[in-house]
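This report refers to the structure that appears directly beneath it.
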Amino acid sequence: MAKIIELKNISKVYGTTIKTKVLHNINLSFEEHSFNSIIGASGSGKSTILNIMGTLDRPTTGEVYINGKRTDNMVKNELAELRNKTIGFIFQFHYLLPEFTVLENVLMPYNIGYGRPTKEIIARAEELLNLVGLTEVKNNLSINISGGQQQRTAIARALINNPKIVLADEPTGNLDSKSTENIYELLRDINKEFKTTFVIITHDDRIAEKTSRIVEIEDGKIKKKVISDK
C-alpha cells in the first residue's frame with residue numbers, strides 16, 4: 001500500500017542561543033487507510049512530530065512528504081491550502097467558536113477554504129453530525145453542549161473537507177473513560193468507512209492497543225514500532 005505520510009531524517013532544534021534538540025534523525029512513514037498511534041512520555045517529542053506531519057511546524061533538517069508532495073520547502077500559502085484540503089486536525093481541546101452553532105462550526109473549514117457552503121456541503125455536514133450522534137443539537141451554540149459532544153463536533157469538523165489524513169493530539173484527554181471509549185470506537189468506524197488515515201497521539205496504552213500500529217517515541221527518537229492485530 002502507498003505511503004501517505006513520510007518523514008526522512010527529521011531533526012528539530014528549538015532556540016538560537018541555547019539550542020534544544022527535540023527530534024533526532026526520525027525516519028517514519030504511514031500507509032494510506034491505516035489507523036496508527038504514537039505514544040511516549042511528556043516531552044518525548046511526539047507532539048512535535050505530529051505538528052511537522054501536519055505542516056504546522058517545519059523540521060530543522062530532513063524532508064516531509066504528505067500525499068506524495070514534499071512539504072518542508074513549501075511557502076506559507078501552499079501549506080495552508082494543503083492543510084485545509086488534505087489534513088483534518090483533532091486536538092485535546094476542541095477549539096470550537098462559541099458564538100457559532102454546532103453545524104456552523106463543522107462548516108468552518110469549508111468556509112475558510114472555499115467560501116459559502118453549497119446545499120451539498122451542508123448536507124454532508126448534517127450527515128457527519130448524524131454519524132457522530134449530534135443531529136439533535138446541531139443548532140445549539142457550541143457552548144451549550146457537553147464536553148463529549150464538543151469533541152464529537154470537532155471530529156465532524158475535521159472530516160468536512162473529506163481529508164485523506166486525520167491527525168489527533170490527545171483527542172480524549174479531557175474526557176471521562178466512557179466518553180473516551182465511545183470517541184475511539186467512532187474514530188475506528190470513520191477509518192473503516194471513509195478509509196481515512198489516522199495518526200493519534202495518546203498517553204493511554206489502552207487506547208494505543210486499539211490501533212493497528214503503535215510507534216513509541218523516547219527522548220526524540222523512535223524506540224520501537226509495533227504492529228498489532230487490530
In the structure displayed, which of Lys85/Lys210; Lys21/Lys46; Lys12/Lys210; Lys76/Lys221 lie more than 24 Å apart, Cα to Cα? Lys85/Lys210; Lys12/Lys210; Lys76/Lys221
Toy charge model, Lys and Arg Cβ at +1, Asp and Glu Cβ at -1: the chain dipole around Cα centroid in debye, rounded to 20, equals 680
Helix 177-194 axis, angle to the chain major axis (alpha carbon atoms, nearest 10°): 90
Mark the label point 7 Å from the Cα of Arg70 along Cα→Cβ and return the residues of the stretch 1-30 whose backbone N is within less than 16 Å of it. 6-11
To make sure I understand the rule: partners must be aspartates and glutamates, Cα under 13 Å from the Cα of Lys3, and not fewer than 8 residues away in the same chain. Which ones qualify? Glu31, Glu32
Determine the dipole magnitude for the stretch 129-194: charges of +1 sit on the beta-carbon of Lys and Arg, -1 on that of Asp and Glu, nothing else is charged, the reference point is the Cα centre, and the result goes in debye to the nearest 20. 220
Derived scalar couplings ³J(HN,Hα) [the stretch 138-153; Karplus, 6.51 cos²θ - 1.76 cosθ + 1.60; whole Hz; x for Gly, Pro]: 4, 9, 6, 4, 5, 7, 9, 9, 6, x, x, 5, 4, 5, 5, 4
In the neighborhood of Asn84, defined by Cβ-to-Cβ distances under 15 Å, what is the net charge if each Lys or Arg adds +1 and each Asp or Glu adds -1? +4
Could you work out what % of the accessible surface of the chain is carbon and sulfur, using a 1.4 angstrom probe and leaving DNA, RNA and ligands out of the count? 48
Extreme residue, positive dipole direction of the stretch 138-230, given options Phe194, Ile222, Gly147 (C-beta unit charges): Phe194
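The values are calculated or read from the model by the stated rules, or taken from the named source; none is laboratory data. Source: prediction; values computed, not measured. Every residue, glycine among them, receives a Cβ derived from its backbone with ideal geometry; neighbour counts consider all protein chains shown. Each accessible area value is taken on the protein alone, full model and side chains, heavy atoms only, with ligands, DNA and RNA left out. Shrake-Rupley method; radii C 1.70, N 1.55, O 1.52, S 1.80 Å.
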